[in-house]
1. What number goes with the only condition from (1) surrounded by fewer than 14 Cβ atoms within 10 Å (Cβ to Cβ); (2) hydrophobic (A, V, I, L, M, F, W, C); (3) touching a Cys at 6+ places or on another chain (Cβ under 6 Å) that TRP52 does not pass?
2. Among the candidates LEU141, LEU159, single out the residue that is touching a helix residue (DSSP H, G or I) at 6+ places or on another chain (Cβ under 7 Å), surrounded by 13 or more Cβ atoms within 10 Å (Cβ to Cβ) and of a type in the set (A, V, I, L, M).
3. Restricting attention to helices (runs of 4 or more DSSP H) lying wholly within the range 48-155, give those where 1 or more residues are in contact (Cβ under 8 Å) with a residue 40 or more places away in the chain and over 18 Å from GLY33 (Cα atoms).
4. With respect to the numbered conditions (1) over 13 Å from the mean Cα position of the chain (by Cα); (2) of a type in the set (A, V, I, L, M); (3) exposed (fewer than 14 other Cβ atoms within 10 Å of the Cβ), which one is the sole condition not fulfilled by VAL69?
5. Go through the range 72-89 and report how many residues are surrounded by fewer than 17 Cβ atoms within 10 Å (Cβ to Cβ) and in contact with a Phe, Trp or Tyr (Cβ under 9 Å, 6 or more places away or on another chain).
6. Among the residues of the range 76-128, write down those that are closer than 23 Å to ILE155 by Cβ, of a type in the set (D, E, K, R) and under 16 Å from the mean Cα position of the chain (by Cα).
7. Taking LYS95 and the conditions (1) among the basic types (Lys, Arg); (2) out of contact with any Gly (no Cβ under 8 Å at 6 or more places or on another chain); (3) surrounded by 17 or more Cβ atoms within 10 Å (Cβ to Cβ), which numbered condition does it fall short on, given that it satisfies the others?
8. Mind checking whether some residue in the range 15-28 is at pLDDT 95 or above and either more than 22 Å from LEU109 (Cα to Cα) or out of contact with any Ser or Thr (no Cβ under 8 Å at 6 or more places or on another chain) (or both)?
Amino acid sequence: MKKVFFFILFLLFISLKSYSQNYSDFTLQDLEGNDVKLSKLLEKGPVMISFWATWCSPCKEEMKKLFPVYEKYKDRGFTYLAINQDNQKSVSKVKSYINANGYSFPVVLDPDKSVFESYSGVGIPYSLLISKDKKIISKHLGYVTGDEIKIESEIKNALSAE
């Protein structure tokens, strides 16, 4: 009984930690070596940060489905920021993958996973939608076809709230 109590207490602690998570600014380098700062992107409007890797099939599917959403709302201030989680051995594949798919959204590298960890990442794909006033509006862990409909709705709500 004592073990069950502590297990429930542990789960409660973990869930409270994820709900109380706050915005954390960062600067990472893009594929050309330029600095990209989250707070600068937020000046234009809401930002969806999406943690992904070249070896992650659901990540690549999410990017494919959200690219048209980014194209649809980028002129209204929305930014889709893909934060790559590949290690040093596979990071060389990132630029060719992005170019081969014709993606035009910003892509940055987080090789030591410090930003991923600062946002309590536990798996990928992991996405967070952050409002212009630096509040985390939503979080998504994993991706299945159809998630893009809910995510687009969240983006539209964030844009209309400005």
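The values are calculated or read from the model by the stated rules, or taken from the named source; none is laboratory data. Worth saying up front: this structure is predicted, and the values here are computed from it rather than measured. We place every Cβ from the backbone using ideal geometry, glycine too, and count neighbours over all the protein chains shown.
1. Failing condition for TRP52: (1).
2. Details: LEU141 fails: touching a helix residue (DSSP H, G or I) at 6+ places or on another chain (Cβ under 7 Å).
Residue meeting the stated conditions: LEU159.
3. 57-73, 114-118
4. The number of the failed condition is (3).
5. 2
6. So the first thing to find is which residues in the range 76-128 are closer than 23 Å to ILE155 by Cβ, and the list is 76-85, 98, 101-108, 110, 115-116, 118-121, 123-128.
Checking which are of a type in the set (D, E, K, R) leaves us with 76, 110.
Residue satisfying the conditions is ASP110 alone.
7. Against the list (1) among the basic types (Lys, Arg); (2) out of contact with any Gly (no Cβ under 8 Å at 6 or more places or on another chain); (3) surrounded by 17 or more Cβ atoms within 10 Å (Cβ to Cβ), LYS95 comes up short only on (3).
8. yes
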